[in-house]
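Here the structure comes first, spelled out in structure tokens, and everything after it is commentary.
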Amino acid sequence: MDRMVINGGERLIGEVAVSGAKNAALPLMAAAILADGPCVIRGVPHLRDINTFKRLLAQLGGVCEGEDDLRIDATNITNTEAPYELVKTMRASTLVLGPLLAKYGKARVSLPGGCAIGARPIDIHLKALEQMGAKIRLVHGYVEAEANGLRGARLIFDMPSVGATENLMMAACLAKGETVIENAAREPEIVNLADMLRAMGAEIVGDGEETIRIQGVKVLSGAEVDLIPDRIEAGTLMVAAAMTRGNVLLKNAGAAYLTAVIDKLRKTGLIVEQEDEGVRCVGPRRIRSADLTTQPYPGFPTDMQAQFMTLMSVAGGMSVINETIFENRYMHVLELQRMGADIQVQGRTAIVRGVPLLSGAQVMATDLRASACLILGGLAAEGQTVVHRIYHLDRGYEAIEKKLSALGADIQREAE
């Protein structure tokens, strides 16, 4: 197990390229199951979750070749079971449920590790598939699904779930008739998936809006698609520039997907300007406080909440952060407090009073975005910060320490 050692106080200056979006790559990889022929996904990041999904596709009988440009041939699937050993490490593995059921009429997929039905709502996936004619059973921690041909249906989601929207979009592509998804998720990753499915021959309209319509077709072919930039990595690097009074040019930033994040960061004093080669971010001498409420896209993403909280911990004044998406997303607070942050949590609300300077400390990463927020804190802290259990980080950030080091940060990965 590795740890990250950061000596704070260095300004970040230079340029860096943002990697492709993991949260877009995984559903695109799942969509390849639907194709009669190979699919190519260009710009895939080198991440633990990507490698896990490759192993899952291989388990099913698919062939994955290449890295940056990933070629997947799932034409000859021989197995329709996604075992616990793979699914337990990555919730996105449940995205194979819809494609397997639509194309092969059956699927046996382990529930994600630690998943309480309803808390991370896979129940939305299952109820919608039942509406399309699937028979669903929960047996010994597995979802066992069968369908003698899915049929189109009108699906009204209780909440705009990204995973459910992706799973049902894929399932509907080979269903008989029209499927309408209301209160659908609108994230850019949804649009990226729809672009791939259309290239494969699917008939989809409305992606990126609240209502998506899919007319089922009999066969889908292979296709090639470009992965969108990782908007959460881009936002994290923007916060890094703000916290270090840096001057950073982000290439391949995907600014169009970051409107809510950029608007909020500008209120804190960060200068964000579009240039020919990318987005330039110049940090302020004094960070201003700003309140925040996380919302589904196009609102401020929950995946940027921890990073923004770290920024607010050194802002002038008090800020109020409301987390509306996940009920247990303040696990990083205790670790930021170890670094001297003044944060009080009341239910889903965090009150942050800025301090002049964070202090380097030994801290423990509890999840992917907590890992990033602690590294951000270390960049701006006085002294040395050691972030333990950074295996979470490798699930969603490609070589982040190398990117930060190239910008002038004093950061290195070490074995525990």
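Can you say whether S161 is under 21 Å from T302 (Cα atoms), touching a residue at least 40 places away in the same chain (Cβ under 8 Å), hydroxyl-bearing (S, T, Y) and out of contact with any strand residue (DSSP E or B) (no Cβ under 7 Å at 6 or more places or on another chain), as far as the supplied structure shows? Yes: the conditions hold for S161. If you go through segment 318-340 and keep only what is of a type outside the set (F, W, Y) and out of contact with any strand residue (DSSP E or B) (no Cβ under 7 Å at 6 or more places or on another chain), you end up with E327, N328, R329, M331, H332, L334. Does G201 satisfy the criteria of being at negative phi, surrounded by fewer than 21 Cβ atoms within 10 Å (Cβ to Cβ) and touching a Ser or Thr at 6+ places or on another chain (Cβ under 9 Å)? Considered against the rule, which asks whether it is at negative phi, surrounded by fewer than 21 Cβ atoms within 10 Å (Cβ to Cβ) and touching a Ser or Thr at 6+ places or on another chain (Cβ under 9 Å), G201 comes out as no.
Looking for something of a type in the set (S, T, N, Q), on the phi < 0 side of the Ramachandran plot and surrounded by 17 or more Cβ atoms within 10 Å (Cβ to Cβ) - is there at least one such residue anywhere in segment 384-402? Within segment 384-402, one or more residues are of a type in the set (S, T, N, Q), on the phi < 0 side of the Ramachandran plot and surrounded by 17 or more Cβ atoms within 10 Å (Cβ to Cβ). When each of L237, L193, L250 is tested for being in contact with a Cys (Cβ under 7 Å, 6 or more places away or on another chain) and surrounded by 23 or more Cβ atoms within 10 Å (Cβ to Cβ), the lone residue that passes is L250.
Here segment 305-328 is the region considered, the condition is being over 17 Å from A240 (Cα atoms), of a type outside the set (A, V, I, L, M, F, W, C) and crowded, with 21+ Cβ neighbours inside 10 Å, and the residue that is farthest from the chain's Cα centre (by Cα) is S319. Cβ-Cβ distances below 7 Å connect the following pairs, each with a first residue in segment 369-398 that is over 19 Å from D49 (Cβ atoms), a second residue that is outside any helix (DSSP H, G or I) and among the basic types (K, R), and a separation of six or more residues or different chains: V386/R3; V387/R3; H388/R3. Evaluated against (1) in contact (Cβ under 8 Å) with a residue 24 or more places away in the chain; (2) outside the structural domain of N148 (by TED's automatic domain parsing); (3) surrounded by fewer than 24 Cβ atoms within 10 Å (Cβ to Cβ), D263 falls short on exactly one condition, (1).
Listed here are the residues, each with its yes/no results for (1) outside the structural domain of A172 (by TED's automatic domain parsing); (2) assigned to a strand (DSSP E or B); (3) within 22 Å of A92 (Cβ to Cβ).
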{"site": "L197", "(1), (2), (3)": "no, no, yes"}
{"site": "G201", "(1), (2), (3)": "no, no, no"}
{"site": "I204", "(1), (2), (3)": "no, yes, yes"}
{"site": "V217", "(1), (2), (3)": "no, no, no"}
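Looking only at segment 46-85, residues that are of a type in the set (V, I, T) and touching a residue at least 40 places away in the same chain (Cβ under 8 Å) come to 4 in all.
Of all residues in segment 392-416, those satisfying the criterion of being among the charged types (D, E, K, R), modelled with pLDDT under 95 and in a helix (DSSP H, G or I) are D394, R395.
With a requirement of 1 or more residues that are of a type outside the set (S, T, Y) and under 23 Å from T52 (Cα atoms), the strands (runs of 3 or more DSSP E) lying completely within segment 77-168 that satisfy it span 106-110, 142-146. Of the strands (runs of 3 or more DSSP E) lying entirely inside segment 287-386, not one is found with 3 or more residues being small (G, A, S), closer than 29 Å to M159 by Cα and not assigned by TED's automatic domain parsing to the domain that holds Y257. Right, R245: crowded, with 20+ Cβ neighbours inside 10 Å and basic (K, R) or not? Criteria not met by R245.
The values are calculated or read from the model by the stated rules, or taken from the named source; none is laboratory data. Given the structure is predicted, the values throughout are model-derived calculations rather than measurements. In this analysis, Cβ positions are derived from the backbone assuming ideal geometry, glycine residues included, and neighbour counts consider all displayed protein chains.
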